[in-house]
Amino acid sequence: MPETEQGMHEVSRRAKMSRLRELGHDPWGQRFDGREAIRDLRGRQDEIQFRRANSNETISVPIDLAADPFRQWLGTQGQGELSGPTVRTTGRIMLLRDTGKLIFLDLEDWTGRIQLFIGKTQVGAENWELAQQFDLGDIIGVEGELRRTRTGELTIFAASLHFLTKSLEPPPDKHHGLTDPEARQRMRYVDLLYGDGVRDRFLDRTKIVQSIRQTLTQLGYCEVEGPTLHAIAGGAAARPFATHHNALDTKLYMRIALELHLKRLLVGGIERVFELGRVYRNEGISPRHNPEFTMLEVYEAFGDYGTMMDLTERLIVNATKAIGKGYVLPWGDTQIDFTPPFARRTYDELFHEKTGIDPLDAKAVANLAKGEGIETVGRHPDVIKSDLFEARVEDELVGPIFVTDYPASVCPLTKRKAENPAIAERFELFVHGMELANAYSELNDPDLQEELFRTQLAGMSADDSMARMDHDFIRALRHGMPPAGGLGIGIDRLVMLLTNSQSIRDIILFPLLRPEIGT
């Protein structure tokens, strides 16, 4: 709204705040015990009754009648009145209509919305004067009788009012709202209050995370918390955030992965382990990437990537159940069908299907890559094929589909197939072109792991933050890590897919943004 209009609103609201103090009310409220959630109030509709005039006879009021049928039902009952339970609740004022001697409000808490009726005669002079200080966005408490209006609207008929918090800022324009994406993300508190479906989306995120924890706990996995500050940025090929520890006078990195510490715990005898935690990568921002994001990593001793495939499907299916919207969910203009079992195809099968090229024909793969603008000179054929798979295949994968058996040369932390060492026991789960999960049969040969680390480090510059061997991890493997399956799931991407959110910023409460000008 224009700055002058904004200023007028603030002057008016501050004047009402002063008047509240004059009336003996704290504009910032006090403890309010005994409140019921609005959702629970709505669950008490069956307690509303109709009492016939000149009679003790009461009739339960139907709760499933719309406005006109409800009026018709009342008309068949003869003279009488409605009565209901006395209730006590709180909420934010989302709609306000003052007709002079009557005020109708819509109150909202995080469970729902309900109408409030305030009559000048019914509440008395003191409460009525208090109600004159109400603005949209204020938080109030109310005690009153729960019943229906003559039009059938479930309503609290106020008997007493309590002021709990004054809103000095008006809500966004009701027709245009807070439409700028950056403003919505920067002022997430406003977005949650007034954005259509925003709060429900973030509450769904909580249900999804709780479901994942519950599923894993029920299966006997142990949740742990690993360090977020690492001396060596390992476990993934990503640029870390660096910091300095003054007392130790040493450089440290925010973790880019959870993997290597969880594997140390496998060595230590914790046979089923997982962590749900924040990971930090000092890289670009896009609709699918935020520098700070949430990862799930799971490891199971004596399992393999097949074990993790079954677990991944179970985790996702249970998460869809947790938000209560069925297996078939909207995604933009289309849908995602999470009905199990998910499709399973090998990497080479899909490569051949989508490109028409034999994945084992290095020359044909290189020629196709050149046509896609992919660099081929001096690069391993499997690396070229991997870039081509990303360019030509991944976006075509609607899924959910498990892509299995990747070239071993591009999977340095993965166990090879016993019958074909050129193939790694790895899968990635794709949904509408988005990689959602990544899993391995984990490499536990310390000598081979050290060799692969050295090969990886040989291609890095000396000043690269990851150009350091994690000798302690190799030492841990030498003590014996059992054969195991390992899994990583990007929680933010999973929430995007389950809540029909096209940008990762829409499901992270406070995504990283450029500082505001002047701050």
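Derivation of every value follows stated rules applied to the coordinates shown; laboratory data play no part. None of these values were measured; they are calculated from a predicted model. Backbone-built Cβ (ideal geometry, glycine too); neighbour counts: all protein chains shown.
Per the Cα gyration tensor, the range 273-397 maps to an equivalent ellipsoid with semi-axes of 31, 20, 18 Å, ordered largest to smallest. The alpha carbons of the range 325-459 stretch over 48, 38, 27 Å along the principal axes, in descending order.
Fully extended, how many nm does the chain gain between Q335 and E435 (0.36 nm per residue separation, minus their Cα-Cα distance)? Full-extension gain reported as 34.3 nm. If R0 is 45 Å, the Cβ-Cβ spacing of T228 and R31 corresponds to a FRET efficiency of close to 0.80.
Distant-in-sequence amide contacts of R288, defined by a placed amide H-H separation under 5 Å and a gap of 5 or more residues or a different chain, comprise I504. Remark on T346: its backbone amide H falls under 5 Å from those of T404, a criterion applied only to residues 5 or more positions apart or on other chains, H modelled at 1.01 Å from N. Taken over the Cα atoms of the range 192-263, the convex hull encloses 164 Å³ per residue. When the listed pairs K385/K415; K207/K263; K370/K417 are checked against a 25 Å cut-off, the alpha-carbon distance exceeds it for K207/K263; K370/K417. Between M469 and E283, the modelled label-to-label distance comes to 2.6 nm, taking each label 7 Å out from Cα in the direction of the beta carbon. Rg of the Cα atoms in the range 267-341, relative to 2.2 N^0.38 Å, amounts to 1.41.
Please report, in cubic angstrom per residue, the volume enclosed by the convex hull of the alpha-carbon atoms of the range 131-205.
Values: hull volume 11.6 nm³, N = 75.
Hull volume normalised by residue count: 154 Å³.
Near D98, within a Cβ-to-Cβ distance under 14 Å, what is the net charge of the other residues, with Lys and Arg +1 and Asp and Glu -1? Here the charged neighbours net out to 0.
Taking a Cβ cut-off of under 11 Å around I323, the surrounding Lys, Arg, Asp and Glu residues balance to a net charge of +3, with basic ones at +1 and acidic ones at -1. Subtracting the Cα-Cα distance of N318 and D68 from 0.36 nm times their residue separation leaves 85.9 nm of extension gain. Across the range 56-114, the fraction of Cα-Cα pairs farther apart than 17 Å, rounded to a whole number, is 62%. Computed from label points 7 Å out along Cα-Cβ, the spacing between N420 and E372 is 2.0 nm.
Extension gain for the segment S160 to A53, taken as residue separation times 0.36 nm less the Cα-Cα distance, is 35.8 nm to one decimal. The Cα-based radius of gyration and maximum Cα-Cα distance (Dmax) for the chain are 30.2, 98 Å. Relative contact order (percent) for the range 3-176, with alpha-carbon contacts under 8 angstrom and 6 or more residues of separation? For the range 3-176, the relative contact order is 26 percent. Over all projection directions, the Cα-based convex hull of the range 3-176 averages an area of 11.7 nm². Using the Cβ-Cβ distance between E81 and R39 with R0 set to 22 Å, the FRET efficiency from 1/(1 + (r/R0)^6) comes to roughly 0.25. Geometric descriptor of the range 140-288, per residue, is 256 Å³ (volume of the convex hull of the Cα atoms).
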